[in-house]
Amino acid sequence: MPQRRIGPFTVTAIGLGCMNLSHAYAAPPPPEVAERLLLRALDLGVTLFDTAALYGFGANETLLGRVLKPYRQRITLCTKGGLFGTRQPDGSWKRLIDGRPQAIRAHCEASLERLQTDVIDLYYLHRWDKTVPVEDSVGEMSRLVQEGKVRTIGLSEVSASTLRKAHAVHPVTALQTEYSLWTRNPEIAALAACRELGVTFVAFSPLARAFLTGKLTDPSTLGERDIRRAMPRFAPAAYAANLKLLGPYGEIAREVGCTPAQLALAWLLAQGEQMLPIPGTSSVAHLEENMGALDVRLSPEQVARLDALINHDTVAGPRYNAASQADVDTETYPDGG
C-alpha cells in the first residue's frame with residue numbers, strides 16, 4: 001500500500017478523518033456501525049486516524065480510544081485541542097476557542113484519558129486563538145512534547161505567516177486545512193510554506209463535503225443541524241451553479257476508469273509527496289471506495305484538465321460564511337472566497 005511520511009511517522013497515503021462518526025453532518029451512526037467502520041479501516045491497512053476533542057465534544061475520542069486501543073502500536077493517532085465546547089443551560093453545546101497554555105494542557109490531558117493512551121502521536125492546535133500569541137500556545141505544546149505526552153505537533157486552519165511563527169518555537173510536523181479541487185485557498189501561500197519548512201499538508205474535506213462524490217445533488221435534503229446548511233456554496237443558487245461542473249468532471253472520471261470520489265483523491269495525491277488527504281465517512285462502502293483511489297494514476301494532462309475545470313474561479317460561493325471565516329486564520333482570495 002502506498003505510504004507517505006508525516007514527521008517521524010510512515011503512514012498510508014490516505015488517512016481516515018473520524019469527525020463524521022460523531023459530529024457535524026448527519027446524525028452519528030450507532031456505536032456498532034462506527035466500530036465496524038474503524039475496524040474495516042484497519043483491515044484495509046489505514047494507519048493514520050484523525051480526531052479532535054471538539055468532535056462530539058469528546059465522544060469521538062472516546063470511541064477511538066475504546067475501539068483502537070488494542071491496535072495502538074499499529075497506528076498513528078492524531079487529535080486536536082484549543083477548541084472544545086461548554087454545555088449551555090438548555091443542554092446544548094457552544095464552541096469555544098481557547099489557546100491559553102493552561103487550556104491547551106487541560107485539553108491534552110483530557111484527550112489522553114479519552115483516547116486511552118499514554119501519548120498522542122500528533123497533537124494539533126485546532127484553531128489559533130487570536131487573543132493569545134500563537135507562540136504561547138505552541139510553547140505549551142512544546143512542553144507537552146518534552147514531557148512525553150505528545151510526540152509531534154501540528155496546526156489547523158492557519159496562514160503561512162502563523163505557521164512560520166509557530167515553527168520558530170517548535171518544529172511543526174503538519175498543517176491541516178481544507179483542500180480539494182473546489183477549495184484552493186492553500187495554494188495562495190500555505191502549500192509553499194509547507195514545502196519550505198518540510199511540513200506535511202493534511203487535507204481535510206478532500207471530497208468537498210460530498211460535492212465531488214457526485215452523490216449530493218440536492219442540499220435541501222440535508223438535516224437541520226448539518227453544518228453545510230450554513231456554507232455559502234451549498235445555498236440553492238450557488239449549488240445549482242456548482243452542479244453544472246459535475247457533468248464534465250464525471251466524464252474525466254469515466255475516462256480515467258474510477259469513481260468521482262476516487263478522482264478527487266487521486267488529484268490530491270498527485271500534488272506531491274507532502275500531501276496527505278484524510279477523507280471521512282460513516283459508510284464502509286465509501287471507505288473502501290476512497291481507499292481504492294490509491295490505485296488511480298492521473299496523467300499530467302488529466303491533472304491540468306481538472307485544475308482548469310474546478311477551481312476558485314469556477315466554483316460559486318465562498319468556503320465559509322463571515323462568522324466561520326472569522327474563526328480561522330487561512331489566506332483568502334481578494335473576493336473573500
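The values are calculated or read from the model by the stated rules, or taken from the named source; none is laboratory data. Just so it is clear, the structure is predicted and the values come from calculations on it, not from any experiment. Don't worry about glycine lacking a Cβ; one is built from the backbone with ideal geometry, like all the others, and counts go over all protein chains shown.
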Cβ pairs under 7 Å, 6+ apart or interchain, first in the stretch 309-323 and among the β-branched types (Val, Ile, Thr), second part of a loop (DSSP other than H, G, I, E, B) and modelled with pLDDT of 95 or more, ordered by first then second residue, are 310/181; 310/182; 310/245; 314/245; 315/182
Here, helices (runs of 4 or more DSSP H) confined to the stretch 26-115 with at least 1 residues that are loosely packed, with under 15 Cβ neighbours inside 10 Å and at pLDDT 95 or above are 31-43, 101-115
When restricted to 280, 250, the only residue touching a helix residue (DSSP H, G or I) at 6+ places or on another chain (Cβ under 7 Å) and surrounded by fewer than 21 Cβ atoms within 10 Å (Cβ to Cβ) is 250
Per the filter on the stretch 177-200, residues under 13 Å from residue 329 (Cβ atoms), out of contact with any Gly (no Cβ under 9 Å at 6 or more places or on another chain) and not in a strand (DSSP E or B) are 186, 188, 189, 190, 193
Here the residues within the stretch 226-247 that are of a type in the set (Lys, Arg) and either touching a residue at least 24 places away in the same chain (Cβ under 8 Å) or surrounded by 14 or more Cβ atoms within 10 Å (Cβ to Cβ) (or both) are 228, 233
Residues of the stretch 123-165 being farther than 14 Å from residue 97 by Cβ, hydrophobic (A, V, I, L, M, F, W, C) and either touching a Ser or Thr at 6+ places or on another chain (Cβ under 8 Å) or free of Cβ contacts under 8 Å to residues at least 24 places away in the same chain (or both), in sequence order, are 145, 153
Only unsatisfied item for residue 181, checking (1) in contact with a His (Cβ under 8 Å, 6 or more places away or on another chain); (2) closer than 22 Å to residue 310 by Cβ, is (1)
Residue 166: closer than 24 Å to residue 131 by Cα, among the hydrophobic types (A, V, I, L, M, F, W, C) and in a helix (DSSP H, G or I), yes or no? yes
The correct count of residues that are in a helix (DSSP H, G or I) and in contact with a helix residue (DSSP H, G or I) (Cβ under 8 Å, 6 or more places away or on another chain) in the stretch 215-247 is 13
By residue number, the members of the stretch 283-316 that are in contact with a helix residue (DSSP H, G or I) (Cβ under 7 Å, 6 or more places away or on another chain) and aliphatic (A, V, I, L, M) are 284, 287, 293, 296, 298, 303, 306, 309, 310, 315, 316
